[in-house]
1. Only residues that are more than 15 Å from ligand 2 (Cβ to nearest atom) and either closer than 17 Å to LYS236 by Cα or in a helix (DSSP H, G or I) (or both): list them for the range 294-344, please.
2. When both residues are 6+ apart or on different chains and their Cβ atoms are under 7 Å apart, which pairs have a first residue that lies in the range 160-178 and is more than 12 Å from TYR142 (Cβ to Cβ) and free of Cβ contacts under 8 Å to residues at least 24 places away in the same chain, and a second that is surrounded by fewer than 18 Cβ atoms within 10 Å (Cβ to Cβ) and basic (Lys, Arg)?
3. What is the residue count in the range 294-326 for residues that are within 11 Å of ligand 1 (Cβ to nearest atom) and in contact with a His (Cβ under 8 Å, 6 or more places away or on another chain)?
4. Just name the residue that is surrounded by the most Cβ atoms within 10 Å (Cβ to Cβ) out of those in the range 770-788 that are in a helix (DSSP H, G or I) and among the small types (Gly, Ala, Ser).
5. Can you find even one residue in the range 254-268 that is touching a Lys or Arg at 6+ places or on another chain (Cβ under 6 Å) and buried (at least 24 other Cβ atoms within 10 Å of the Cβ)?
6. I'd like to know if the range 277-286 contains one or more residues that are closer than 26 Å to THR203 by Cβ and within 19 Å of the chain's Cα centre (by Cα).
7. Condition test on SER39, is it within 29 Å of TRP174 (Cα to Cα) and surrounded by fewer than 20 Cβ atoms within 10 Å (Cβ to Cβ)?
8. Keeping to the range 250-276, report how many residues are farther than 14 Å from ASN779 by Cα and within 13 Å of ligand 1 (Cβ to nearest atom).
Amino acid sequence: MQPKAKFRKDYRQPDFTITDIYLDFQLDPEETLVTSRLSVQRKNPEATSLRLDGHSFELVSVKLNGETFSNYQQDNESLTLALENFPSDQFELEIKTLLQPSKNTSLQGLYQSGDGICTQCEAEGFRQITYMLDRPDVLAKYRTKLTACKSKYPYLLSNGNRIAQGDLDDGRHWVEWEDPFLKPSYLFAVVAGDFDLLQDKFTTMSGREVDLEIYVDRGNLDRASWAMASLKRSMKWDEERFGLEYDLDIYMIVAVDFFNMGAMENKGLNIFNSKFVLANPQTATDEDYMNVESVIAHEYFHNWTGNRITCRDWFQLSLKEGLTVFRDQEFTSDLWSRSAKRIEDVRFLRAFQFAEDASPMAHPIRPEKVIEMNNFYTVTVYEKGAEVIRMIHTLLGEEKFQKGMKLYVAENDGKAATCEDFVSAMERASGIDLQQFRRWYSQSGTPELTVADEYDEKRQTYRLHVAQMTPATADQVEKVNLHIPLKIALYGQNGEKLKLQHELLTVSDVLDVIHDNQTFEFHNVPQRPVPALLCDFSAPVRIDYNYTTEQLNTLLKYAENDFVRWDAAQTLFINELKANLTRHQQGETMTFSPELLDGLTLVLENANQDPELAALTLTLPKETEFAESFKVIDPAGIAVVRDFMQHQIAEALKDRFLVTYNQNKLTGYRVEAEDMAKRALRNVCLSYLAFTDVGNTLVHKHYHQADNMTDTLAALSAATKAQLPCRDQLLTDFEEKWHHDGLVMDKWFALQATRPDDNVLELVQGLLSHRSFNLKNPNRLRALIGSFASQNSRAFHAIDGSGYRFLVDMLIKLNETNPQVAARLIEPLIKLSRYDAQRQTLMRRGLERLKGLDNLARDLFEKIEKALQ
Ligand code: B3K
Ligand code: ZN
């Protein structure tokens, strides 16, 4: 049977609801007995049957109001109770089910992670525990009793407050939890295990004391303190910026090693991938520290945007995810550097979300059609969703935006809401018309703004002609005009910022682009200006304006807006790559433009003014980032030209890189903005210097002098990318030191998988039997197989098809064990339309091989089906 799609337009309120749930878990990894007592209420008087979702367990018994009930039908995804002869509108249902957590490799529902047991219910995992109306618009109060062996599972955790506990005679103990807040089933959680516990307290703005608890594997306590500090900063920031206060007396975070994604915001009991909790200077890089902080913040912020106000149906996912990503981005921006954060987010969006829009999986931030919900936790729903919230923020300004938030919370607290509820609150609170803006929720694709300009010297008038167009996407051919906030600035030839005036009045720097073609006219412009378009990346669009190298260098040198300066460098890099790719493809000699070198020299000379921005600006875009500027990608060509550029820059600026490298040496490791910026700059210098004659000595020394993982990894990465003589020795040294630690080894696996060596595939295949590798652990899979397929384009897209074959072989295995992770890893293979005919044929062959599997999971089915269309 083919999996069936659900459509947004088909939403209907449920016929029944569940107001209270009592759950009893007799926990054991081999066999767990779950008793669920549901207080059911009929909402639709016409309804004569109750269909509950559930699968992947054994049904033991069903009772209705205490009596055995057998008038039901069961299939492989539901249980339907016939209620024709049962007139009462309120009843209690008791269902017993048997589960095998140790056999559950899907990591959804109740499963074993290491020596512990935990749950993952979003989106539809609760139905793997027991039969339930498993949909987010059914909000209930939960009481949960957990019983398990006390020595193996000294901690038994669930949502809300601990209300009772006790010991049994047989070595087991029990704990009972009650969550006073209404919640949908996807926010339910259970954890049983033996942990080290880090405790702290937070006093909320109204003076309530909250217990904070972070549970980590035994022996990892020295890696939990950054997460705790991050949690306290998040709680404080949400009070200060959004006026939102925590609502329970306890907040728990548990770190587990086996987890399909980053983390989960279960009410009062977050469960995290240990990657986003554990950090100390020896094991975590600066980037890891930042990631831990922002994921902790993100999950915390969900307590209001997601939990107190949840989604009516899964098509509304961006209501909580787009908004919560926006909130975590703002948190990081307020605490660290706003421009650096913006640049990193835009880099990510352009590389992955723009690619998704151009792929068979293209969908609006509020999808219309879904087969497997887990496939829609995407960069589009999350990151483009956050861009949409950011545009609302740009159009309204902070004050009106916060007014809108207050209204949204007041109207929807305790409810399951829609994206429309959010936009409507923003509109009514601000008085700003968002009618056309709403189209961002229903239209997929990356809009293109084509900009042309003219300057009338006599009349001192400057005109910008802006045309908008959204190319057709796989899911949607017809496109309409969007409301696009285009933030601009004008610069004079000597770098002075020019005033934006119309007639004699100052006008806003945010242009409202709403039609196909619009002209914006500026008066009293004393000279032909250089336009800075899309300052701060004010909208998730592509800009097409024919910049000259000279104009780009002016922006790089003078623009006030950090994003604009960085972006000018990006455009210079891309133009350079494009010109050389053409030369390379035509068999001509490649050259390197002196203007770009001048620009980079300037950045290096001024690097000490803002080392973080300098590091970002000097970083050469990755192959995958360059690839996004092409309709048809030449992976081998891009790799060759990028190598060439790297060598050219390294050779030409070697002395300056060395000076900057030496100037930014630090003693001791601190997680502080100033030091992180210096390390980043120094390590960018190292990455170029690796390609010069001093490379081997310098990298070798850098590795051995490093007192923290950021520097260690920078050296290891430089040695690998530049294929230095010291490489093998350093890789071995690292492996010997860290092979017992999966999280640290992930960095090593990812480096191995992205090696530029010709025999990298063979190496990767060999590493599948490495002592630290484990095919059941999603982090290991992403590090080795994911990095190979998504970050090593030249090897993955090898013209003999070996890369594709390897991925498909792996996916055939994962289809059985963990389809959700398989559906993530398949992404590079479904983007076949971006490659030449020969590669497309090979990719198609791989997809067809998967499609032929007789037990193909719906997660993979949905993507393969779209890719082959
Ligand atoms: N809400 C979860 C993601 C759940 C993914 C389910 N496949 C984490 C987050 O976005 O915060
Ligand atoms: Zn989230």
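1. Answer for the range 294-344, where residues must be more than 15 Å from ligand 2 (Cβ to nearest atom) and either closer than 17 Å to LYS236 by Cα or in a helix (DSSP H, G or I) (or both): PHE315, SER333, ASP334, LEU335, TRP336, ARG338, SER339, ALA340, LYS341, ARG342, ILE343, GLU344.
2. Correct list of pairs: ASP167/LYS150; GLY171/LYS150.
3. 3
4. ALA783
5. Yes.
6. yes
7. Answer is yes for this residue.
8. 7
The values are calculated or read from the model by the stated rules, or taken from the named source; none is laboratory data. Fair warning: this is a prediction, and the values are worked out from it, not measured in the lab. We place every Cβ from the backbone using ideal geometry, glycine too, and count neighbours over all the protein chains shown.
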